[in-house]
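Chemist: Sharing a structure, written as structure tokens. Questions coming.
The values are calculated or read from the model by the stated rules, or taken from the named source; none is laboratory data. Treat the numbers as computed from the prediction; the structure is a model and nothing was measured. Glycine also receives a Cβ, built like all others from the backbone with ideal geometry; neighbour counts cover every protein chain displayed. Note: areas computed on protein heavy atoms with side chains; ligands, DNA, RNA excluded. Shrake-Rupley method; radii C 1.70, N 1.55, O 1.52, S 1.80 Å.
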Amino acid sequence: MMKTDEQRPVTGYDRRMYAIMNRREGASLHATAARRRAVVVTHIVLTAAGIACWLYSVLGDERWATVGILGVLLPWCVATGVINGATRGLLELRARVLDERQRAEKNRVAARAQYVMMWLLLSATVLVGGLGLAGVEIEGLIFPVLFSVFVVHWLMPLWLAGLAAADEPADDTEDGPEGDLTGGA
């Protein structure tokens with residue numbers, strides 16, 4: 001009988017990844033829904049630019065496309081880190097370090113991403129099929145479209161999790177309605 005991921009013991013790797021994904025230094029970058037949306041949109045734009053540069057490097061002039069890829073890579077990695085911080089590593093952490101609520105949220109995000117991707121794949125199929133029926137040579141489009149859809153399929157759960165992440169609860173460091181809880185004057 002094989003153990004599921006939730007039944008396996010938490011490893012040192014799991015503890016390190018949990019600590020990394022729950023660091024609060026960059027919390028101000030994703031503190032509000034508007035900031036999270038802006039980061040996700042920025043990530044989508046950087047991803048599109050990276051795809052375009054990579055495809056151009058494969059199908060066209062590789063020197064300028066390589067420079068473009070290198071220029072996009074660092075901001076893309078930072079945006080990915082901000083989204084992972086906003087979701088507290090929901091998609092990067094193993095199930096054994098997630099609580100039941102987080103596992104349920106991870107499943108909801110995966111189901112939503114699958115639904116969105118189904119419609120995106122249908123749209124891409126209709127578009128390429130329509131272009132083919134209109135007499136456009138689609139052989140040159142097959143690889144770029146498939147590669148782009150693959151990348152979007154890979155990143156869709158991250159984008160949807162970033163958009164669905166809730167605001168962090170407010171700090172209780174200031175005197176609230178209960179007053180000073182330390183017993184001081």
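Chemist: For a Förster distance of 30 Å, can you work out the FRET efficiency between the beta-carbons of Q102 and H153, rounded to the nearest 0.05?
Modeler: With a Förster radius of 30 Å, E is 0.85.
Chemist: Let me ask something else. Let a ≥ b ≥ c be the square roots of the eigenvalues of the Cα gyration tensor of the stretch 50-152; is it rounded (a/c under 1.5), or, if not, prolate (a/b larger than b/c) or oblate?
Modeler: It is oblate, given that a/c is not under 1.5 and a/b is not larger than b/c.
Chemist: Right, here's the next one. Using the heavy atoms of the protein chains and a 1.4 angstrom probe, tell me the accessible area per residue for the stretch 5-156 in square angstrom.
Modeler: On a per-residue basis, the stretch 5-156 sits at 63 Å².
Chemist: Something else: I'd like the carbon and sulfur percentage of the solvent accessible area for the chain, probe radius 1.4 Å, heavy atoms only, ligands and nucleic acids excluded.
Modeler: Using a 1.4 Å probe with all protein chains present, the chain comes out at 65 percent carbon and sulfur.
Chemist: Same structure again: Assuming 0.692 mPa s and 37 °C, estimate D for the stretch 15-64 with Stokes-Einstein, Rh taken as the Kirkwood radius over Cα pairs, in µm²/s.
Modeler: In µm²/s, the coefficient is 244.
Chemist: Once you order the gyration tensor axes a ≥ b ≥ c over the Cα atoms, which shape class does the stretch 73-119 get: rounded for a/c under 1.5, otherwise prolate or oblate by comparing a/b with b/c?
Modeler: Because a/c hits 1.5 or more and a/b fails to exceed b/c, the stretch 73-119 counts as oblate.
Chemist: Rounded to the nearest Å, what's the spacing between the alpha carbon centres of the stretch 96-139 and the stretch 39-68? Just the number, please.
Modeler: First find each Cα centre; the distance between them is then 21 Å.
Chemist: Quick one: Kirkwood hydrodynamic radius for the chain, alpha-carbon pairs, angstrom, one decimal?
Modeler: Final number for the Kirkwood radius of the chain is 19.5 Å.
Chemist: Can you figure out the FRET efficiency of L59 with Y115, using R₀ = 25 Å and their beta-carbon distance, to the nearest 0.05?
Modeler: Once the sixth-power term is evaluated, E becomes 0.20.
Chemist: Counting pairs of alpha carbon atoms under 8 Å apart in space and at least six apart in sequence, what relative contact order in percent does the chain give?
Modeler: This gives 30 percent for the chain.
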